[in-house]
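Step one of this worksheet: look at the structure below.
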Amino acid sequence: MSAFRSDFAVTLARDPVRLFAAARYWVNQFEQDSAVHGTTLPSFLFPPLQTPANGIQSLSEYLTRYRRLWEHPRTSWRLYVFGQNRHGFDETLKQSDCLLSLVELAEHVGAPSSTELLTSVEQFLALAEKPPSALQNLTEDEIFRMAQAIRGTRELLDLLRRIRFAQLNSNNETSVAECLALHRWEGAFTLPPSMNSMRHAPFVITKKGTCRTPETTAGDMTISREGFMLRVPVDDFDTIGRTSFDLSAHLLRANLVTQAGLDRIANNHLDSHFFDESVRCIISAFYYGDLREQLTTALQPLFPSITTVGPEAPSQNQMRWFILQFLPNLLIHDIDQMESPRSLSYHLERIVNRAARLLNWHEATPVPLPVRSGPIYLLGDDRAHAARETLALQSEWFSSRRSLHTILSHTDRPAYTNVTPLTPFMTYLRFNAGDEIFMGILLRTLVQAWPKLLKYWKSKGQSTSVPAKARQEVRNALDATPSPTLTQEEVATLKQALDHWRTSVHSSCPPKDARNPNHRGKTYWGSIGLIDMLQTQDHMAWLGRAFATADEFVAFWRATSWKARSTGRIYLSADQRDWDLCPRQPPRWTPQEGENHRNTLLTTAEYARNTVDLLQAKHLIPLLCLFLELTPMEQLRGMKAIPTPNKDWRDEAPLRRSHAFESLRIIYESGLTHTSI
């Protein structure tokens, strides 16, 4: 496509009619963004400062001054935690101003300076007020300047949107700087371009090895961002389906992972052997009662094929992902946003409508017959809804990871709403690693490294090998902790929890054979008690009948969900009655195995509660956060707080990613503070 070529801007600049149309289009984009988001150009980038003592007038200028993280006075001191090895600080992090600085943007498009780029952009946008006939006979120099302006205009609008989306997604718990750091570190600051804009400017020119890289990571999915346009290769359309629903679902799953890092929502398999029975009960809501009607009402206007049967019906692969995986994960996320669950009917209505919006904004390029394989692209819209909705979900999930009360089962949560919040570093560690690995890191640190950490930081109190800022922060936390040491009884209790975590709690992919203990799957204990709490709200009315107790509902669920069905296919058609909780799957365990599994989950929930109890009662959370954040990596390995890494550094990858996130957050926060944004 021509929009992927940089010389396309010159082609536009040479054609008076197309140049005029491009100017009108981009003027409209800036005006619409200003109306919707309250931004203006260029005062948003250059807010007035009352006391510009350092001479810095904008976030762009501030970030440009510290192009490399380790040159920044507030982040360079943090590098001592890595020693001589700076894993995690790759090319996308070295230039902290990339995609967020006018100076860097000007260099990228070839403008002499940011001031001249802004001047050229303003001149280009002013062409919208002139007739096309007035744009004829431009000189070669004017054509070159307009071509630069056309490329710069798209990136300038993206720059504004990155900051504005971060502002919209921030709240009392999550700052603008944290939202920016999440977008940069998880999604490389990409914003899928609008397909309407293809005729009016080339896409962002991506290049491997830079922060504008087309490469991305999405587990076992091969995905790239050519021109920041999400590109997903498909080996066989007969497998993923050809309907608009199939293609949108496939792109939504890819975008949740590559732009927002939401593997837990996009790829969490809730039907694995290691999940509490309550989760399966929740999934039952997607097969009985009024949910089918809710789904049909929300989706059919957008995807007419959703209720068809036969060759024109959506792919079973996409339906299974959407109904068995994505919707239940979104439901659990929605419940986690609140201190206590409301009725399940209330949550179902919210998540069905949200899922419909997300699918709608992830429109894909159509696939003509008889094409059997090839790439599909995300068709962005002029308001960047796909990015905005995805980033909003990301910030909500990040916020819910800040409090340790959400790591407990629902039975325990009501008594833990005032737990000391985690630091941004630790919040991201939990966001990235998941609860199973995160709790394992906490237990390993408390059991195997805590006395050594206390000794290390007390002895380093006067050492010059550790930066003064780190020494002072830890010293303040130690002074604020009444009793930082652990008793023998406390260590013994924590060791029991750690032993249980090592043998019974799993964090890898779902098992191929749940009866084989060598196949590990994710353990989820958080849903314990959820059915009881939801049942008190609406008595399971969503099943079309009420239940006196949660046990009565579970008994009903067990009696209906394991019956063999002929085909086990999933439809939303009212003519189809062939719905089942786990189609074509036999019971995963015998009654005795099921009871053992339930006891394992109850034990896991108990150890999680005891650990949070101890941390909260002894006021250790701030100190624990600082120890993991500021202690050098080699020291943590020597103390066995983290395992000895293999050659790929995978065992300590969550900590290294958290350090990279935190460094970005600090520099963005400092820049936002200096420029009053």
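When you look at residue 282, is it open to solvent by less than 20 Å² (accessible area, probe 1.4 Å), in a helix (DSSP H, G or I), modelled with pLDDT of 70 or more and in contact with a Ser or Thr (Cβ under 8 Å, 6 or more places away or on another chain), yes or no? Give the derivation first.
Working: open to solvent by less than 20 Å² (accessible area, probe 1.4 Å): yes; in a helix (DSSP H, G or I): yes; modelled with pLDDT of 70 or more: no; in contact with a Ser or Thr (Cβ under 8 Å, 6 or more places away or on another chain): yes.
Criteria not met by residue 282.
Restricting to the range 359-389, count the residues that are closer than 18 Å to residue 254 by Cβ and within 23 Å of the chain's Cα centre (by Cα).
18
Is it true that some residue in the range 144-167 is open to solvent by 10 Å² or more (accessible area, probe 1.4 Å), small (Gly, Ala, Ser), touching a residue at least 24 places away in the same chain (Cβ under 8 Å) and in contact with an Asp or Glu (Cβ under 9 Å, 6 or more places away or on another chain)?
no
Restricting the first residue to the range 415-428 and requiring it to be without any contact (Cβ under 8 Å) to a residue 24 or more places away in the chain, which pairs with a second residue that is outside any loop (DSSP other than H, G, I, E, B) meet a Cβ separation below 9 Å and a spacing of at least six or different chains?
Within 9 Å, the pairs are 415/405; 418/405; 418/616.
Can you tell which of 134, 166, 147 is of a type in the set (A, V, I, L, M), out of contact with any Phe, Trp or Tyr (no Cβ under 8 Å at 6 or more places or on another chain) and at pLDDT below 90?
Step by step, each of 134, 166, 147 is checked, and only 134 is of a type in the set (A, V, I, L, M), out of contact with any Phe, Trp or Tyr (no Cβ under 8 Å at 6 or more places or on another chain) and at pLDDT below 90.
Which one of these does residue 113 not meet: (1) touching a residue at least 60 places away in the same chain (Cβ under 8 Å); (2) open to solvent by less than 50 Å² (accessible area, probe 1.4 Å)?
Residue 113 satisfies every listed condition except (1).
Going through 356, 415, 433 one at a time, which residue ends up being within 21 Å of the chain's Cα centre (by Cα), more than 30 Å from residue 25 (Cβ to Cβ) and surrounded by fewer than 21 Cβ atoms within 10 Å (Cβ to Cβ)?
Working: 356 fails: more than 30 Å from residue 25 (Cβ to Cβ); 415 fails: within 21 Å of the chain's Cα centre (by Cα).
The match here is 433.
Could you please find all residues in the range 494-537 being open to solvent by 50 Å² or more (accessible area, probe 1.4 Å) and at pLDDT 85 or above?
Of everything in the range 494-537, those that are open to solvent by 50 Å² or more (accessible area, probe 1.4 Å) and at pLDDT 85 or above turn out to be 495, 496, 499, 502, 503.
Residue-by-condition table, conditions (1) open to solvent by 30 Å² or more (accessible area, probe 1.4 Å); (2) touching an Asp or Glu at 6+ places or on another chain (Cβ under 6 Å); (3) at pLDDT below 55:
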| position | (1), (2), (3) |
| --- | --- |
| 55 | yes, no, yes |
| 65 | yes, no, no |
| 78 | no, no, no |
| 84 | yes, no, yes |
| 93 | no, no, no |
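Can you work out which of the residues in the range 370-412 that are open to solvent by less than 30 Å² (accessible area, probe 1.4 Å) and among the charged types (D, E, K, R) is modelled with the lowest pLDDT?
Only one residue fits best here, namely 412.
Within the range 9-33, take every residue that is of a type in the set (Asp, Glu) and open to solvent by 10 Å² or more (accessible area, probe 1.4 Å) and give me the one that is nearest to the chain's Cα centre (by Cα).
Taking the candidates together, the pick is 31.
Give the range 168-190 a look and list any residue that's crowded, with 21+ Cβ neighbours inside 10 Å and either free of Cβ contacts under 8 Å to residues at least 60 places away in the same chain or in contact with a strand residue (DSSP E or B) (Cβ under 8 Å, 6 or more places away or on another chain) (or both), or say none.
Matches in the range 168-190: 188, 190.
From the list 295, 291, 299, which one is open to solvent by less than 10 Å² (accessible area, probe 1.4 Å), closer than 30 Å to residue 434 by Cβ and modelled with pLDDT of 85 or more?
Just one listed residue meets the conditions, 299.
Can you pull out every residue in the range 476-493 that is over 34 Å from the mean Cα position of the chain (by Cα) and exposed (fewer than 13 other Cβ atoms within 10 Å of the Cβ)?
Once the filter is applied, which keeps residues that are over 34 Å from the mean Cα position of the chain (by Cα) and exposed (fewer than 13 other Cβ atoms within 10 Å of the Cβ), the range 476-493 yields 479, 482, 483, 485, 487, 488, 489, 492.
Step by step: first the residues of the range 225-260, then only those that are in contact with a Phe, Trp or Tyr (Cβ under 9 Å, 6 or more places away or on another chain) and open to solvent by 10 Å² or more (accessible area, probe 1.4 Å), then the one that is nearest to residue 377 (Cα to Cα). Which residue is that?
Result: 231.
Of the residues 473, 490, only one is among the acidic types (Asp, Glu) and over 23 Å from residue 77 (Cα atoms); which?
Numbers: 473 fails: over 23 Å from residue 77 (Cα atoms).
Only one candidate qualifies: 490.
Mind listing whichever residues of the range 302-313 are surrounded by 17 or more Cβ atoms within 10 Å (Cβ to Cβ) and not hydroxyl-bearing (Ser, Thr, Tyr)?
The answer is 303, 306, 313.
What's the total number of residues in the range 240-268 that are farther than 20 Å from residue 189 by Cβ and without any contact (Cβ under 8 Å) to a residue 60 or more places away in the chain?
1
If residue 316 satisfies all but one of (1) open to solvent by less than 10 Å² (accessible area, probe 1.4 Å); (2) out of contact with any helix residue (DSSP H, G or I) (no Cβ under 9 Å at 6 or more places or on another chain), what's the number of the condition it fails?
Condition (1) is where residue 316 drops out.
Out of the helices (runs of 4 or more DSSP H) lying entirely within the range 574-677, which hold 2 or more residues that are closer than 19 Å to residue 403 by Cβ and modelled with pLDDT of 90 or more?
Values: elements: 591-617, 621-630, 633-638, 653-675.
Those helices (runs of 4 or more DSSP H) span 591-617, 621-630, 653-675.
Take the residues in the range 202-224 that are buried (at least 22 other Cβ atoms within 10 Å of the Cβ) and in contact with a Gly (Cβ under 9 Å, 6 or more places away or on another chain); name whichever of them is farthest from residue 388 (Cα to Cα).
Once the filter is applied, the top-ranked residue is 202.
The values are calculated or read from the model by the stated rules, or taken from the named source; none is laboratory data. Owing to the predicted nature of the structure, the values given are computational and were not obtained by experimental measurement. All Cβ positions, glycine included, derive from the backbone under ideal geometry; neighbour counts span all protein chains shown. For accessibility, only protein heavy atoms count, side chains too; no ligands or nucleic acids. Shrake-Rupley method; radii C 1.70, N 1.55, O 1.52, S 1.80 Å.
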